[in-house]
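Have a look at the structure below before the remarks.
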Amino acid sequence: MTEQAIRKVGFIGLGIMGRSMAANLVKAGFDVTVWNRTAARMQPLLEMGARGASSPRAVAEASEAVITIVTDSDDVEQVLFGPEGAAHGARPGTVVIDMSTISPERTRRMAARLAEKDVHMLDAPVTGGDVGARDGTLSIMVGGDEGVFRRCLPIFEAMGRHIVHVGPSGAGQTVKLCNQVIVALNLLAMGEGLAFAAKAGVDLEKMLSVVQKGAAGSWALDNLAPRVLRGDYAPGFMVKLQQKDLRLALEAAAGMNLPLLGTSLVQQLLRSVQAYGGDDDGTQAIVTALERVGNFRLRGSADERPRENK
């Protein structure tokens, strides 16, 4: 007998990514129930037709699948297993889909706890930034039982374009950390390329237009470098969240006795951004650390907001 399609989806966490992802589920016709720690962030979703809940537990009570997208491993554990956590409202057969970026090992432990209640868990972190979340074009890497993944595929298809089941529980988080290592090094490559061009005195826009189309092309060059040239450091993805992901990657690498030299360098450069008050800036603010190190300014990139060296 074929399992009935999931139509009732809960959504916990309405930050930069989550609010757009939840909106796309509503637009796709799912019956969506939302909760966010800051209740005001639920209002735009309620106006679209979603229902609000008073707690993660209440979200689970109203849902067949519950999506979480919060900041770190402790936050996922709290919204699932805290006093009003979703695990307490989930019925047997419910699917928890964690789309945060967290520790693979912690993910496996949480999946085992949920399995004791006959609740399934998929780890399904995403990449594609705020633009991908808004446009429904995210890449989604999913770990967990393949049969459960296939049952949830229509949910993923409402939010993303490239969706791959990558292995058992924790594999989604591991692949996401691979992504974040590569993203970090692309950030550095973008910043150093712009720095080299600025110091050499060539036209930055013309340089960018050429290298974007060749072997140096990358998502960072297409989406972040133009923001740098406009002096736009508004976050698509915040420095502090990138730092959290790099911490997770470096912790996992340490457990494998694997040196990640470039990743460590990017973490230190972003720490300099944080030291000057840039926690909530977009990750393109790595160029401000390079400007300080190299004693130069990128034309058009000067950030005139006062900075406090913390």
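The values are calculated or read from the model by the stated rules, or taken from the named source; none is laboratory data. Every value quoted in this text rests on a predicted model; they were computed, and no experiment measured them. Note: ideal-geometry Cβ built from the backbone for every residue, glycine included; neighbour counts use all protein chains shown. Side chains are part of the model used for accessible areas, which takes the heavy atoms of the whole protein and leaves out ligands, DNA and RNA. Shrake-Rupley method; radii C 1.70, N 1.55, O 1.52, S 1.80 Å.
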Point to revise | Computed P(r) (all Cα pairs; the stretch 13-52; 5 Å bins; percent) | key: 6, 29, 41, 21, 4
Review point. What value does the stretch 230-280 have for Rg/Rh, both radii from Cα atoms and Rh as Kirkwood defines it?
Key: 1.05
Point to revise | Cα-based shape type of the stretch 130-284, given that a ≥ b ≥ c are square roots of the gyration tensor eigenvalues and the cut on a/c is 1.5 | key: prolate
Review point. So, with a 1.4 angstrom probe, what is the percent of accessible area on the chain that is carbon and sulfur?
Key: 53 percent
Exercise for review: Give me the Kirkwood hydrodynamic radius of the stretch 162-218, using the inverse of the mean 1/r over all pairs of distinct Cα atoms, in Å to one decimal.
Suggested key: 13.6 Å
Study note, to complete from the structure: Diffing the stretch 271-288: the Karplus 3J(HN,Hα) column from phi (6.51, -1.76, 1.60, θ = phi - 60°), in whole Hz with x for Gly and Pro, holds 5, 5, 4, 4, 4, 9, x, x, 3, 9, 6, x, 5, 5, 5, 4, 5, 5
Study note, to complete from the structure: Karplus-derived 3J(HN,Hα) from phi for the stretch 34-41 (6.51 cos²θ - 1.76 cosθ + 1.60, θ = phi - 60°), whole Hz, x at Gly and Pro, runs 10, 8, 9, 4, 8, 4, 4, 6
Exercise for review: May I ask for the Rg/Rh ratio of the stretch 72-134, computed from Cα atoms with Rh as the Kirkwood radius, given to two decimals?
Suggested key: 1.00
Exercise for review: Taking the Cβ of P168 as the centre, find all other residues whose Cβ is under 12 Å away and add up their charges (Lys, Arg: +1; Asp, Glu: -1).
Suggested key: -2
Review point. What nm distance separates the two modelled labels at V164 and S264, each placed 7 Å from Cα along Cα→Cβ?
Key: 2.8 nm
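Within the stretch 209-282, report the trypsin sites (Lys or Arg not before Pro) that DSSP leaves as loop and that have at most 13 other Cβ atoms within 10 Å.
Of the trypsin sites (Lys or Arg not before Pro), the ones in loops of the stretch 209-282 whose Cβ has at most 13 other Cβ atoms within 10 Å are K213, R230.
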Review point. How much net charge surrounds M238 when only the other residues with a Cβ under 10 Å from the Cβ of M238 are counted, with Lys and Arg +1 and Asp and Glu -1?
Key: -1
Practice item. Provide the packing ranking of 144-157, 68-81, 191-204, i.e. peptides ordered by the mean count of other C-beta atoms within 10 Å per residue, highest first. Key: 68-81, 144-157, 191-204
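What is the stretch 102-145 by shape, rounded, prolate or oblate, if you read a ≥ b ≥ c off the alpha carbon gyration tensor as root eigenvalues and call it rounded for a/c under 1.5, prolate for a/b larger than b/c, and oblate otherwise? If you can, show how the numbers build up before the last one.
Numbers: a/c = 3.52, a/b = 2.45, b/c = 1.44.
Taking the square roots of the gyration eigenvalues as a ≥ b ≥ c, the stretch 102-145 is prolate.
Ordering D279, D123 by accessible area with a probe of 1.4 Å, largest first, what comes out?
The most accessible residue leads, giving D279, D123.
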**Study point:** Listed residues E291, E105, E116 arranged by accessible area, highest first, probe 1.4 Å
**Key:** E116, E105, E291
Practice item. In nm, give the distance between the simple-model label positions of W219 and E105, each being 7 Å from the Cα along the Cα-to-Cβ direction. Key: 2.7 nm
Practice item. Could you work out, for the stretch 63-171, what percent of all Cα-Cα pairs fall into each 10 Å distance bin, beginning at 0 Å and stopping at the bin that holds the largest distance? Key: 16, 51, 30, 3
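May I ask you to order 124-131, 108-115 by the average number of other C-beta atoms within 10 Å around their residues, highest value first? Please list the in-between numbers first.
Values: 124-131: 21.9, 108-115: 16.9.
The peptides rank, most packed first, as 124-131, 108-115.
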